[in-house]
Amino acid sequence: MAPTATAPDAHNSKTFDVILGKVPDDFKSLHEIPEEYAWTNLNEHPSLDSDSVPIIDLNDPNASQLISHACTTWGVFQLINHGVPNNVVEDMESVAQSLFSLPAEQKLKAARGPGGISGYGPQLISAFWDKKLWSECFTILGSPLEHYAKLWPQGYTKICSITEEYDKELGRLCSRLMWIMLASLGISKEDVKWSGPKGDNQEAHVLQLNSYPACPDPDRAMGLVAHTDSTLVTIVHQSKICGLQVFQEGTGWFTVPPVPGAMVVNVGDLMHILSNGSYVSVLHRVLVNQTQPRLSVVYTYGPPDNVPISPIPKLLSASHPALYPPVTNWSEYIDTKTKLKGKALASLRLYEPRTN
Ligand SMILES: O=C(O)CCC(=O)C(=O)O
Ligand SMILES: [Fe+2]
């Protein structure tokens, strides 16, 4: 895989040490869920099976306005005609499929090492919670080559190039979407200092493969606990199985149904901060089901790691002062979020935004 800009620096971060040494259970061997997987608050808010989450065609002449509206109202949308070739997406899903189908002891050969976030293990977010999640994941920060060589001693080169291709395509798409989102707020590349003179500084990113095995008691288990992403933008490819839900205040959880060819785009916390609260950082979670395993491939996109993030000055005025103080950098932000069990945005906010 091509070298990446430094992503959240696990070596300087205490965030993920908490889960080091923990490995996912071999889910196939569990015929009922152990108590440590039983969550109590899954049905606190209603779940709605509606197709309300906007679907946007990137070739639509009004795509920019539609994207901006979706970011303001939902903080999430499904994107079709996004330009990532089908075969690139399908090949990447097959890589995830084949990785998680390996025997448990084989997967553990690529387990995350001390001080690192790359490799196989539980969801990184599980560090924040006492209960366990019904999922396993493989995190790629920089090159996956070393881990892939352990998983597939023969044939890892091909798998590396599939990953590299996916990575490249998604990086391009994220950058394009970020500038569309910002342009709709009147922000150009010159207004964002860390983006480089032409908006061409390399942003940081992490690729994450998620597996949610079928679960004997899906009403009590949680695939991925409710969270917002600590990113600028996240792009999720989900396999054909439902599970992802997004939260709308006052209504409840909306399922984001898999739509053939679509990618799910989430606004992350850092985009919410940059936009001075105009764009919603969407709260989302993943449920599991009794019969069908689910996969997702998640591209998390953030600023270069060494740059501070703050509301873009052009968006501020006496009547719209900064809603957040500057955040030192991406890793600092993730650490703050860990310490506050995911409540970083609310705790950093300088005042309550007006709702009208
Ligand atoms: O699996 C999914 O659909 C979403 C995963 C997710 O939200 C994440 O990895 O942050
Ligand atoms: Fe997420």
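Every read-out reported here was derived from the displayed coordinates using simple, explicitly stated rules and does not represent laboratory data. This structure is a prediction, so every number in the text was calculated from the model and none was measured. Methodologically, a virtual Cβ is constructed for each residue, glycine included, from the backbone with ideal geometry; neighbour enumeration extends over all protein chains shown.
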Completion exercise
In the set Ala38, Ala104, the lone residue that is in contact with an Asp or Glu (Cβ under 7 Å, 6 or more places away or on another chain) and closer than 23 Å to Asn289 by Cα is Ala104
Handout entry: Qualifying positions in region 281-299 - more than 10 Å from ligand 1 (Cβ to nearest atom) and under 21 Å from Thr163 (Cβ atoms)
Key = Pro293
Problem - Cβ-Cβ under 7 Å pairs, at least 6 apart or on other chains, region 91-106 side free of Cβ contacts under 8 Å to residues at least 60 places away in the same chain, far side in a helix (DSSP H, G or I) and surrounded by 14 or more Cβ atoms within 10 Å (Cβ to Cβ) - result: Leu102/Leu151; Gln106/Leu151
Fill in the blank from the handout: Screening Cys215, Cys174, Cys242, Cys160 for residues that are more than 22 Å from the chain's Cα centre (by Cα) and either outside any strand (DSSP E or B) or within 16 Å of ligand 2 (Cβ to nearest atom) (or both) leaves only Cys215
Exercise for the section: Go through the residues of region 58-68 one by one and say whether even a single one is closer than 30 Å to Ala127 by Cβ, free of Cβ contacts under 8 Å to residues at least 40 places away in the same chain and part of a helix (DSSP H, G or I). Expected result: no
Fill in the blank from the handout: Within region 218-239, the count of residues that are outside any loop (DSSP other than H, G, I, E, B), away from ligand 1 (no atom under 11 Å from the Cβ) and farther than 21 Å from Ala344 by Cβ comes to 0
Exercise for the section: Please verify whether region 269-286 includes one or more residues that are under 24 Å from Ser101 (Cβ atoms), within 11 Å of ligand 2 (Cβ to nearest atom) and surrounded by fewer than 23 Cβ atoms within 10 Å (Cβ to Cβ). Expected result: no
Completion exercise
Of the residues in region 218-239 that are touching an Asp or Glu at 6+ places or on another chain (Cβ under 9 Å) and among the small types (Gly, Ala, Ser), the one that is nearest to ligand 2 (Cβ to nearest atom) is Ser230
